[in-house]
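The values are calculated or read from the model by the stated rules, or taken from the named source; none is laboratory data. All figures in this text were calculated on a predicted structure; none of them were measured in a lab. Here the Cβ positions follow ideal geometry from the backbone for every residue, glycine too, while neighbour counts run over all protein chains shown. Just the protein is used for accessible areas: all its heavy atoms, side chains included, with ligands, DNA and RNA removed. Shrake-Rupley method; radii C 1.70, N 1.55, O 1.52, S 1.80 Å.
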Amino acid sequence: MKDKPNDLAERLREAIDRNFEGQVAFLARMVQFPSLRGKEQAIQAWLAKQFTERGYKVDQFSLADIDLFAHPKAAPMDDIPLEGSHQVVATCDPQGKGRSLILQGHIDVVPEGPAELWSSPPYAAGIKDGWMMGRGAQDMKAGVSAMIFALDAIRSAGFAPDGRIHVQTVTEEESTGNGALSTMIRGYHADACLIPEPTANTLSRAQVGAIWFRLRVRGTPVHVAYSETGTSAILSAMHLVRAFQDYTRALNARAAENAWFGEVKSPIKFNVGIIKGGDWASSTPAWCDVDCRLGLLPGETPEQAMRGMEQCLADAQKADEFLRDNPAELIWSGFKADPSVCEPGSEAEAVLAAAHQSVFGSPMEDRLSTAVNDTRYYKGMPALCYGPSGIGPHAFDERIELESIRKTTLAIALFVAEWCGLREL
Ligand code: ZN
């Protein structure tokens, strides 16, 4: 369609309003699936059904269906079975003549922690004062609902996008990125990609990379009465964690030189996420496993960060009487994520900025992200990360503002209309 109707934005806005109750119910249903790592099959089957009902061509596959580890960017999956990790790619308008697009969202969520620390049950998807609460509501099932209902609104307003669109719901975003990577290995490409992570309607301009590792300390247990003859794996692990913290401070001191993150205070985050060790209050602990995450900045590769961490560990072990003779094992347990920059000046970005301006009445701003997102995999195309606004990702009482979902859905619909073009139904 050459000339878009002048009232296109209005017609899309009306369609989104008309469908909004249904969109909120759809989001609530998604939040009610506790789609923790390795437990995403149920929501993916449900989404595949939703896409089929919309007339999209659905490809549901698992990470075991592709040659994942032949790819150099595949990250270790620890003990998560590949065949249980399902991906869904729904394709609409495969014959369209306009520019093609990937709309991608992850449906894996991080653990909710103790339910009693939430003010309402973490998977209840309750709504209060215009906000929906729940694990995954913000990160990023709201964005997934926005990309799906943006396409619904276009149809409901009497149009169809004129370019091929792949709607992808993936797993592993929170741990490896292998879900997004698998869609590329499976052969899905397009002229642009949009991932509606909850960026508070800013464009993620640059993001850090990340590596995951597990430190495995082993020793000889003795009765606490003879503790000087045994070892404490927990105390040795603490020694190593302090060394990693010092190392991170040194990395952050150097970060002031970084072209993208120079102005950000301590952009490299080191996190001890899980600690397990020992089994008896009166035995010196013989074992301790510590799961950690370290960020890295544009200009560095995950492999360089991994070598740096190995060196830090080797130096720290030399300074510890027990570890000198019983070195800890370092296991790469997940993310090997490259940092990534959304290069300014792409036409896709200009189209998104115009859509944002039209919905919000103000220019789209940039953000620098000290967390990773999946855009890093979409090579050879502009990959934009832009989505709704919420509070508390990975925390208790994670929640999303419903009004922000409504506006984001309209911004995505306008972006799709301009990027792919429309044809009248
Ligand atoms: Zn996310």
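For the reader, a short list of remarks on this structure follows.
- Residue that is nearest to the ligand (Cβ to nearest atom) [pool: residues in the stretch 143-177 that are assigned to a helix (DSSP H, G or I) and under 17 Å from Val88 (Cα atoms)]: Gly143
- Filtering the stretch 274-282 for residues that are buried (at least 19 other Cβ atoms within 10 Å of the Cβ), among the aliphatic types (A, V, I, L, M) and touching a residue at least 24 places away in the same chain (Cβ under 8 Å) leaves an empty set.
- Count - residues of the stretch 182-224 that are part of a strand (DSSP E or B) and more than 26 Å from Glu303 (Cβ to Cβ): 4
- For beta carbons closer than 6 Å, sequence separation of 6+ or different chains, a first residue in the stretch 136-161 that is over 18 Å from Arg37 (Cβ atoms) and a second that is part of a helix (DSSP H, G or I) and within 13 Å of the ligand (Cβ to nearest atom), there are no qualifying pairs.
This table checks each residue for (1) open to solvent by 10 Å² or more (accessible area, probe 1.4 Å); (2) not small (Gly, Ala, Ser).
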{"position": "Tyr123", "(1), (2)": "yes, yes"}
{"position": "Asp129", "(1), (2)": "yes, yes"}
{"position": "Gly134", "(1), (2)": "no, no"}
{"position": "Phe149", "(1), (2)": "yes, yes"}
{"position": "Ser156", "(1), (2)": "yes, no"}
{"position": "Ile165", "(1), (2)": "no, yes"}
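- Just one of the listed residues (Gln95, Gln87) is surrounded by fewer than 16 Cβ atoms within 10 Å (Cβ to Cβ) and either within 16 Å of the ligand (Cβ to nearest atom) or of a type in the set (S, T, N, Q) (or both), and it is Gln95.
- Residue count for the stretch 393-420 under the criterion of being assigned to a loop (DSSP other than H, G, I, E, B) and open to solvent by less than 20 Å² (accessible area, probe 1.4 Å): the result is 1.
Here is a yes/no grid of residues against (1) farther than 21 Å from Ala180 by Cβ; (2) over 23 Å from the mean Cα position of the chain (by Cα); (3) among the small types (Gly, Ala, Ser); (4) within 16 Å of the ligand (Cβ to nearest atom):
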residue: His106; (1), (2), (3), (4): no, no, no, yes
residue: Pro114; (1), (2), (3), (4): yes, no, no, no
residue: Ser120; (1), (2), (3), (4): yes, yes, yes, no
residue: Lys128; (1), (2), (3), (4): yes, yes, no, no
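- The residues of the stretch 45-83 that are among the basic types (Lys, Arg) and closer than 25 Å to Gly334 by Cβ amount to a single one, Lys73.
- Whichever residue in the stretch 283-305 is in a loop (DSSP other than H, G, I, E, B) and either in contact with a Ser or Thr (Cβ under 8 Å, 6 or more places away or on another chain) or of a type in the set (Gly, Ala, Ser) (or both) and, among such residues, is surrounded by the most Cβ atoms within 10 Å (Cβ to Cβ): Thr284
- The set of residues in the stretch 256-268 that are open to solvent by 90 Å² or more (accessible area, probe 1.4 Å) and either in a loop (DSSP other than H, G, I, E, B) or within 29 Å of Val290 (Cβ to Cβ) (or both) comprises Ala259, Glu263, Lys265.
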